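Worksheet for the structure shown next.
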Amino acid sequence: MKDQAQQRSVAGALGRLEIIAHRGKTGVVERFIVDNIWVDGGLGYIAARCAGEAVPPISHMAAGRSAAPAGGTDLALGAEIAGSRQAVTIAGPGAQRTYTAVFGAGVATGEWREAGLFNAASSGLMTNRTAFGTKTKDPEDVFTVNWTLRHVRG
């Protein structure tokens, strides 16, 4: 009997977000692209969903002020901005989904340095986190965040 060559299958989970800043005072629109990481809780979330376990879907996004780099063991944002957690809409085909949240005028104002995806309106499991250079949201600004998660073969 001939030995079969060992098969390898490498899969990955990637994420990237786009922050679209509509500046209320000037009408200027700025776009920022930021990569993110799946935190350990998010990787466990993927495994649980694949196993058919009843875990709530990703449903909310939040912004924070911490400049600490994103790490795999993160359980929450370093300094979530009070009242910043917003419900997301979800769209996309196949192995990709885009989670969109709108942070309206007067919501989550000040300096943003991090963002996260969660499966609850408060507390809950954080699946993804990113840290980035300061993005200032003035009270009249509207930030729309499109966070795209992809599952890929590597």
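The values are calculated or read from the model by the stated rules, or taken from the named source; none is laboratory data. This structure is a prediction, so every number in the text was calculated from the model and none was measured. Counting neighbours? That spans all protein chains shown, and the Cβs are built from the backbone with ideal geometry, glycine included. What goes into the accessible areas is simple: the full protein's heavy atoms, side chains included, and nothing from ligands, DNA or RNA. Shrake-Rupley method; radii C 1.70, N 1.55, O 1.52, S 1.80 Å.
Express the Stokes-Einstein translational diffusion coefficient of the stretch 88-154 in µm² s⁻¹, to the nearest whole number, given a Kirkwood radius over alpha-carbon pairs, 37 °C and a viscosity of 0.692 mPa s.
Estimated via Stokes-Einstein, D reaches 244 µm²/s.
Provide the net charge surrounding Val55, with neighbours chosen by a C-beta distance below 15 Å and charges set as Lys +1, Arg +1, Asp -1, Glu -1.
Result for the local shell: -1.
Grab the alpha carbons of the stretch 21-101, take their convex hull, and tell me the volume per residue in Å³.
That works out to 143 Å³ per residue.
In a shell of Cβ-Cβ distance under 12 Å around Thr73, excluding Thr73 itself, what net charge do Lys and Arg (+1) and Asp and Glu (-1) give?
Charge balance in the 12 Å sphere: -1.
With everything on Cα atoms, drop me the angle between helix 40-50 and the longest principal axis of the chain, reported from 0 to 90° to the nearest 10.
60 degrees
Taking only protein heavy atoms and a 1.4 Å probe, what accessible area per residue, in Å², does the chain have with all protein chains in place?
55 Å²
Helix-only estimate, please: 222 nm mean residue ellipticity of the chain, summing -39500 (n - 2.57) across DSSP H runs of length 4 or more and dividing by its residues, to the nearest 500.
-2000 deg cm²/dmol
Only four residue types carry charge here, +1 at the Cβ of Lys and Arg and -1 at the Cβ of Asp and Glu. Report the dipole size of the stretch 32-85 about the Cα centre in Debye, rounded to the nearest 20.
Around 140 debye, computed over the stretch 32-85.
Leaving out ligands, DNA and RNA, and with a 1.4 Å probe, what % of the accessible surface on the stretch 56-110 is carbon or sulfur?
Accessible surface attributable to carbon and sulfur in the stretch 56-110 totals 61 percent.
Quote the relative contact order of the chain in percent (integer), defining contacts as alpha-carbon pairs under 8 Å separated by 6+ residues.
Reported relative contact order: 33 percent.
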